[in-house]
């Protein structure tokens with residue numbers, strides 16, 4: 001039987017809480033593809049643009065994604081659509097523009113974006129619903145992502161985009177929502193539309209939430225557990241305040257995170273460990289790797 005990382009992850013009942021990428025600054029650039037295995041390296045772009053974007057992304061810790069409309073969808077006008085987002089957990093924002101030429105990405109101020117300052121583009125209310133369909137990077141992303149992107153576009157045509165590699169291939173179909181930096185996984189067309197409708201009402205689908213990218217993975221897991229504990233689904237209702245690392249050994253990390261919900265403060269204790277078990281985490285993986293495990297031990301009102 002052909003190995004599929006998403007099927008294997010489901011089979012071992014792997015939790016999705018605390019698995020979102022940890023990044024605050026995002027740049028999305030419209031490109032029809034093909035994207036190859038590594039989008040910025042392999043996509044057909046004018047000479048030097050891909051390597052320059054890779055270098056600037058690494059220097060500014062910005063996640064650069066290539067996006068396109070789902071198959072058969074409208075480009076939504078002339079030009080190359082660009083989105084710049086800063087996914088701060090408390091004050092996220094999103095800007096956009098249309099470029100006449102892809103070479104104009106040289107002028108985008110990624111240093112300002114990484115610092116949480118405006119790039120000078122036009123404010124955009126959002127959301128952007130980006131579904132990973134990067135099949136050359138991982139088969140599951142194509143097999144599961146493309147039907148989700150197509151189904152989501154039927155209900156949300158202006159907001160929906162296909163995206164290059166988001167991370168967490170084994171949770172396909174995966175979706176990133178900007179500006180909040182919310183990652184969702186194991187989506188099907190119907191559940192993706194449900195996630196989008198809840199977001200339009202200012203709420204989260206906790207069953208498919210992987211985490212908020214502006215927080216560390218341990219804090220993502222802590223927030224998810226707290227939301228279930230107090231039954232809070234409003235996007236903006238839970239605020240992260242601070243954390244204290246109590247133990248940072250080589251194999252175990254224990255920390256206490258402080259959150260606020262409707263004026264009440266909760267301390268959440270979470271332990272991060274690296275189990276001995278190894279797994280193939282992507283369809284293309286040549287070796288097995290460990291999976292970090294987050295366990296919430298205590299939630300208390302303070």
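Of all residues assigned to region 282-296, at least one qualifies as being assigned to a loop (DSSP other than H, G, I, E, B), touching a helix residue (DSSP H, G or I) at 6+ places or on another chain (Cβ under 6 Å) and surrounded by 13 or more Cβ atoms within 10 Å (Cβ to Cβ).
Candidates 211, 167: the one that is assigned to a strand (DSSP E or B) and closer than 30 Å to residue 34 by Cα is 211.
Summed over region 245-264, residues that are at negative phi and either in a loop (DSSP other than H, G, I, E, B) or surrounded by fewer than 14 Cβ atoms within 10 Å (Cβ to Cβ) (or both) total 10.
The residues on offer are 198, 152, 176, 215, and the sole one that is touching a helix residue (DSSP H, G or I) at 6+ places or on another chain (Cβ under 6 Å) and in contact (Cβ under 8 Å) with a residue 24 or more places away in the chain is 152. I'd like to know if region 99-117 contains one or more residues that are more than 16 Å from the chain's Cα centre (by Cα), modelled with pLDDT of 95 or more and within 19 Å of residue 196 (Cβ to Cβ). No, there is no match, as no residue in region 99-117 is more than 16 Å from the chain's Cα centre (by Cα), modelled with pLDDT of 95 or more and within 19 Å of residue 196 (Cβ to Cβ).
If we scan region 145-163, do we find a residue that is within 23 Å of residue 52 (Cα to Cα), within 18 Å of the chain's Cα centre (by Cα) and modelled with pLDDT of 95 or more? So far as region 145-163 goes, yes, one or more of its residues are within 23 Å of residue 52 (Cα to Cα), within 18 Å of the chain's Cα centre (by Cα) and modelled with pLDDT of 95 or more.
Here residue 4 fulfils each of the conditions (1) out of contact with any helix residue (DSSP H, G or I) (no Cβ under 8 Å at 6 or more places or on another chain); (2) at pLDDT 95 or above; (3) over 30 Å from residue 91 (Cα atoms) apart from (1). For region 1-39, the tally of residues that are within 18 Å of the chain's Cα centre (by Cα) and either assigned to a strand (DSSP E or B) or within 17 Å of residue 67 (Cα to Cα) (or both) stands at 8. A residue that is farther than 29 Å from residue 237 by Cβ and crowded, with 17+ Cβ neighbours inside 10 Å cannot be found anywhere in region 83-95.
The values are calculated or read from the model by the stated rules, or taken from the named source; none is laboratory data. Owing to the predicted nature of the structure, the values given are computational and were not obtained by experimental measurement. Using ideal geometry, Cβ is built from the backbone for each residue, glycine included, and neighbour counts are taken over all protein chains shown.
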